[in-house]
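Step one of this worksheet: look at the structure below.
The values are calculated or read from the model by the stated rules, or taken from the named source; none is laboratory data. Remember, it's a predicted structure, so these values are computed and weren't measured experimentally. Glycine gets a Cβ as well: all are built from the backbone with ideal geometry, and neighbour counts include every protein chain shown.
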Amino acid sequence: MDRVNAILCQPLYRKYYDSLEEIERDRIFCRHQMPHLLDVARIMEIRNLEEKLGFDRELIYAAAVLHDIGKSLQYTDKIPHEKAGEKIAAQILDGLPQEMVFSEEEKGMILRAIRGHRRLREDMEPFERLLCESDKASRMCFACPAEEQCDWSREKKNMEIKV
């Protein structure tokens, strides 16, 4: 997991992660910090193994820890976080030490998954679909104390345990 840990230490990652943590500090609804990011990664990895998808564990964890990195710009600048996140993640990945770089193919998979993680589509690539579905499955609306105040539609809420 050396490359994933390199992402977590990368200065641009820290800047956007810390900004989001500050913005969401008092948020009663879903937050986008490390517990959520690791829940997504773990669900992705479980499904990857169960469905024999063959994705590298580091690729899965890299996409998971990066997928919401643009969220602070959604709050501050009204930029959809998947669009902001794709750009920020590209800069983060390009800023990794030479010995920690992801291949161009891996970077492409990560960035497409970040860009597409918000909505299921028929033409999704398998890795993109894995991130999207795992992100949704990670939400525990059924146990959220703020569920009744949440403006998500009932259809969008995750009201049962899913993997």
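I'm trying to understand the selection: among the residues of segment 107-157, which are surrounded by fewer than 16 Cβ atoms within 10 Å (Cβ to Cβ), polar (S, T, N, Q) and either on the phi > 0 side of the Ramachandran plot or part of a helix (DSSP H, G or I) (or both)? Passing the criteria: only Gln149.
Within segment 77-89, is there a residue that is among the charged types (D, E, K, R) and more than 21 Å from Lys15 (Cα to Cα)? No, because not a single residue in segment 77-89 is among the charged types (D, E, K, R) and more than 21 Å from Lys15 (Cα to Cα). Identify the residue in segment 119-154 that is in contact with a His (Cβ under 8 Å, 6 or more places away or on another chain) and charged (D, E, K, R) and, among all such residues, is modelled with the lowest pLDDT. So, considering only residues that are in contact with a His (Cβ under 8 Å, 6 or more places away or on another chain) and charged (D, E, K, R), the one modelled with the lowest pLDDT is Asp135.
If you check Ser72, Ser153, Ser103, which single one turns out to be hydroxyl-bearing (Ser, Thr, Tyr) and touching a helix residue (DSSP H, G or I) at 6+ places or on another chain (Cβ under 9 Å)? Within the list Ser72, Ser153, Ser103, the selection yields Ser72. Looking only at residues in segment 78-95 that are among the acidic types (Asp, Glu) and closer than 20 Å to Ala41 by Cα, the one that is surrounded by the most Cβ atoms within 10 Å (Cβ to Cβ) is Glu86. Note on segment 98-122: residues that are within 17 Å of Leu8 (Cα to Cα) and of a type in the set (Asp, Glu) amount to 1.
The set of residues in segment 96-106 that are surrounded by fewer than 19 Cβ atoms within 10 Å (Cβ to Cβ) and either touching a Cys at 6+ places or on another chain (Cβ under 6 Å) or in a loop (DSSP other than H, G, I, E, B) (or both) comprises Leu96, Pro97, Val101, Ser103. Residues that are assigned to a loop (DSSP other than H, G, I, E, B), over 13 Å from Ile110 (Cβ atoms) and either in contact (Cβ under 8 Å) with a residue 40 or more places away in the chain or touching an Asp or Glu at 6+ places or on another chain (Cβ under 7 Å) (or both) within segment 37-67 comprise just one, Leu53. Once segment 32-51 is narrowed to residues that are buried (at least 17 other Cβ atoms within 10 Å of the Cβ) and of a type in the set (Asp, Glu), the residue that is farthest from Lys136 (Cα to Cα) is Glu45.
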